[in-house]
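These notes concern the structure reproduced below.
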Amino acid sequence: MRITHCRDLLKASAAGVLCILFSCSAPDGYMLNVPRSAESEIPIRILLSRSDAPVSISSSGEIIIHSKRSGELLHRSLGKTIKFAPERMSERVTVEASSGLLHVNDAPYRGVMEIHPSGESILVINELKLDEYLLSVVPSEIPSSWPLEALKAQAVAARTYAIYHLENTRSAGPYDLDATTKFQVYRGVSAENERTTKAVLSTSGKIISADGVPICAYFHSTCGGRTANDSDVWKGIDLGYLEGVECGYCADSPSAEWTVELGLNEIHSAVSSKFGRIGKIKRITFHKESGRVTDVIVVHDSGSISIPGNSFRLLFPGNRIKSLYMDCEKNDNGLLVRGRGWGHGVGLCQYGARGMAEKGRSYRDILKHYYSSVDIIPLARHPETYLANY
Ligand SMILES: [Zn+2]
């Protein structure tokens, strides 16, 4: 039998063929309701996973499943776990709980889920309100024990980063952002914390703008003394508000200074795996701007290869090279690298935000220090009438 409709899938599940229904209990534990406002309720769609394996969804309330295409009610049940098998899904469905949270493979989430067939896999997409999303992002990106003004700076930066991507990359695609460091880390309700929740709610609706437009609010762990120009890290990007600035507040970071040894064999292997096998390495040259490596030239037996600095950094897994703010010297094995900071270095320095907050500076002071010529404005005043789009 070919399953062409989720209703078929769910019917078949009753016979134990496709979807498996279990008795379950899904305690919700701590759950705070986000105060309602137009700004906090902007919907955002986060890709949680692309799965080849079945995905289980449960709730302490009723689970209600609709066809995304027709809106038709396909299933509702109480106290069951619904298992979605990739090979059996043929249309998009939305899954919501009548009350409480949805648990995806036992992890609790706010909002609704969309299950989207994609080839041999299914996409699990969490649609929720902007501030609900931030309740999980902020503690996933910064320690919740830090001073409140640093947490508020992170909350406003994360909100602005999300809005920027909604405005600039929102498309007909099934999701807006994923849940990884590629955008912002999002881990659902289990990451939420009372202090970071306070930071999100007390800054609700606030964004960072340049000339009235939300900025691309990049942030990173530790700049190492001076933040980076965006144009020195990513070719072809030069946003005035992402100019490098003196920091001087992040010396307490565990990544303020670091050293790592890169063996010649390790470098050869990393470069070859990305760009095709190269000859024996004869020379490596590092070009810098404002103290940061912008380009790496590797000369080898059969030619040379020019690698953008950020691409070179990412060739080495596990953050072997924590930042491009570094000096290299030759040693017996290859290179000894002495560096400062962790991350791309553009925009808000998180450890710097902590340092400024400890010196009594406000979240506004912090954001205006790391982003040049910006204002902190209510999202509702954004001249593009952004809210009208939703
Ligand atoms: Zn810094």
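The values are calculated or read from the model by the stated rules, or taken from the named source; none is laboratory data. Here the structure is a predicted model, which is why all the values come from computation and not from measurement. Cβ: placed from backbone, ideal geometry, glycine included. Neighbour counts: every protein chain shown.
Quick one: ARG277 ticks every box in (1) touching a Ser or Thr at 6+ places or on another chain (Cβ under 9 Å); (2) exposed (fewer than 14 other Cβ atoms within 10 Å of the Cβ) bar one, so which box is it?
In the conditions (1) touching a Ser or Thr at 6+ places or on another chain (Cβ under 9 Å); (2) exposed (fewer than 14 other Cβ atoms within 10 Å of the Cβ), ARG277 misses (1) alone.
Scan the range 230-247 residue by residue and report those that are small (Gly, Ala, Ser) and in contact (Cβ under 8 Å) with a residue 24 or more places away in the chain.
In the first step, residues of the range 230-247 are kept if they are small (Gly, Ala, Ser); the result is 231, 236, 240, 244.
Correct list: GLY240, GLY244.
Residue check: is GLU329 among the acidic types (Asp, Glu), within 13 Å of the ligand (Cβ to nearest atom) and in contact with a strand residue (DSSP E or B) (Cβ under 6 Å, 6 or more places away or on another chain)? Steps first, please.
Details: among the acidic types (Asp, Glu): yes; within 13 Å of the ligand (Cβ to nearest atom): no; in contact with a strand residue (DSSP E or B) (Cβ under 6 Å, 6 or more places away or on another chain): yes.
Spelling it out, it is not the case that GLU329 is among the acidic types (Asp, Glu), within 13 Å of the ligand (Cβ to nearest atom) and in contact with a strand residue (DSSP E or B) (Cβ under 6 Å, 6 or more places away or on another chain).
Inside the range 96-139, can you point out the residues that are crowded, with 22+ Cβ neighbours inside 10 Å and free of Cβ contacts under 8 Å to residues at least 24 places away in the same chain?
None - no residue of the range 96-139 is crowded, with 22+ Cβ neighbours inside 10 Å and free of Cβ contacts under 8 Å to residues at least 24 places away in the same chain, so the list stays empty.
Counting only residues that are of a type in the set (Ser, Thr, Tyr) and more than 22 Å from HIS344 (Cβ to Cβ), which one in the range 173-208 is farthest from the ligand (Cβ to nearest atom)?
Residues of the range 173-208 of a type in the set (Ser, Thr, Tyr): 175, 180-181, 186, 190, 196-197, 202-204.
From the residues that got through so far, the ones that are more than 22 Å from HIS344 (Cβ to Cβ) too are 175, 190, 196-197, 202-204.
Working: TYR175: 32, SER190: 30, THR196: 21, THR197: 26, SER202: 24, THR203: 22, SER204: 27 Å.
Once the filter is applied, the top-ranked residue is TYR175.
Specify the residue that is nearest to the ligand (Cβ to nearest atom); the eligible residues are those in the range 269-287 that are aliphatic (A, V, I, L, M) and part of a helix (DSSP H, G or I). Quick ask: steps written out before the conclusion?
Within the range 269-287, the first condition is being aliphatic (A, V, I, L, M), and the residues that meet it are 270-271, 278, 281, 284.
From the residues that got through so far, the ones that are part of a helix (DSSP H, G or I) too are 270-271.
Working: ALA270: 28, VAL271: 30 Å.
Here the answer is ALA270.
Mind listing whichever residues of the range 223-253 are within 22 Å of the chain's Cα centre (by Cα), more than 19 Å from LYS288 (Cα to Cα) and within 14 Å of the ligand (Cβ to nearest atom)?
SER253
Would you confirm, using the coordinates I've provided, whether VAL293 is in a strand (DSSP E or B), away from the ligand (no atom under 16 Å from the Cβ) and either of a type outside the set (A, V, I, L, M) or over 29 Å from the mean Cα position of the chain (by Cα) (or both)?
On the way: in a strand (DSSP E or B): yes; away from the ligand (no atom under 16 Å from the Cβ): yes; either of a type outside the set (A, V, I, L, M) or over 29 Å from the mean Cα position of the chain (by Cα) (or both): no.
When the stated conditions are applied, VAL293 does not pass them.
Taking only the range 221-255 into account, find how many residues are within 30 Å of LEU177 (Cα to Cα) and either of a type in the set (Phe, Trp, Tyr) or surrounded by fewer than 21 Cβ atoms within 10 Å (Cβ to Cβ) (or both). Step through it out loud before you land on a result.
We begin by selecting, within the range 221-255, every residue within 30 Å of LEU177 (Cα to Cα); these are 221-224, 226-245, 247, 250, 253-255.
When the remaining residues are screened for being either of a type in the set (Phe, Trp, Tyr) or surrounded by fewer than 21 Cβ atoms within 10 Å (Cβ to Cβ) (or both), the result is 226, 231, 234-241, 243, 245, 254-255.
Total meeting the criteria: 14.
Take ALA158 and tell me if it is within 16 Å of the ligand (Cβ to nearest atom), surrounded by 15 or more Cβ atoms within 10 Å (Cβ to Cβ), modelled with pLDDT of 95 or more and in a helix (DSSP H, G or I).
On the way: within 16 Å of the ligand (Cβ to nearest atom): no; surrounded by 15 or more Cβ atoms within 10 Å (Cβ to Cβ): yes; modelled with pLDDT of 95 or more: yes; in a helix (DSSP H, G or I): yes.
Here the answer is no, as ALA158 does not meet what is asked.
Which members of the range 164-200 meet the condition of being touching a Pro at 6+ places or on another chain (Cβ under 7 Å) and either outside any helix (DSSP H, G or I) or over 18 Å from LEU239 (Cα atoms) (or both)? Talk me through it step by step, then tell me what you get.
Step one: of the range 164-200, the residues touching a Pro at 6+ places or on another chain (Cβ under 7 Å) are 164, 167, 188-193, 196.
Passing the criteria: GLY188, VAL189, SER190, ALA191, GLU192, ASN193, THR196.
Within the range 56-97, take every residue that is in a loop (DSSP other than H, G, I, E, B) and among the small types (Gly, Ala, Ser) and give me the one that is nearest to VAL189 (Cα to Cα).
Looking at the filtered set, the residue picked out is SER60.
Every residue, every condition in (1) within 23 Å of LYS288 (Cα to Cα); (2) under 24 Å from the mean Cα position of the chain (by Cα); (3) touching a residue at least 40 places away in the same chain (Cβ under 8 Å), yes or no:
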position	(1), (2), (3)
PHE312	yes, yes, no
LYS330	yes, no, no
HIS344	yes, yes, yes
LEU348	yes, yes, yes
ALA353	no, yes, yes
ILE366	no, yes, yes
SER373	no, no, yes
ILE377	no, yes, yes
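Tell me, please, whether a residue that is away from the ligand (no atom under 16 Å from the Cβ), among the hydroxyl-bearing types (Ser, Thr, Tyr) and at pLDDT below 90 can be found in the range 368-386.
yes
If you go through the range 136-149 one residue at a time, do you hit one that is in contact with a Pro (Cβ under 7 Å, 6 or more places away or on another chain) and at pLDDT 95 or above? Show your work before the answer.
Start the filter on the range 136-149 by keeping residues that are in contact with a Pro (Cβ under 7 Å, 6 or more places away or on another chain), which leaves none.
There is no residue in the range 136-149 that is in contact with a Pro (Cβ under 7 Å, 6 or more places away or on another chain) and at pLDDT 95 or above.
To keep it simple, each residue is scored yes or no on (1) part of a helix (DSSP H, G or I); (2) within 16 Å of the ligand (Cβ to nearest atom).
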| residue | (1), (2) |
| --- | --- |
| ILE305 | no, no |
| LYS322 | no, yes |
| ARG338 | no, no |
| TYR351 | yes, yes |
| MET356 | yes, yes |
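State which residue is farthest from the ligand (Cβ to nearest atom) when the search covers only the range 256-268 and only residues that are surrounded by 15 or more Cβ atoms within 10 Å (Cβ to Cβ) and in a strand (DSSP E or B).
By that ranking, first place goes to LEU262.
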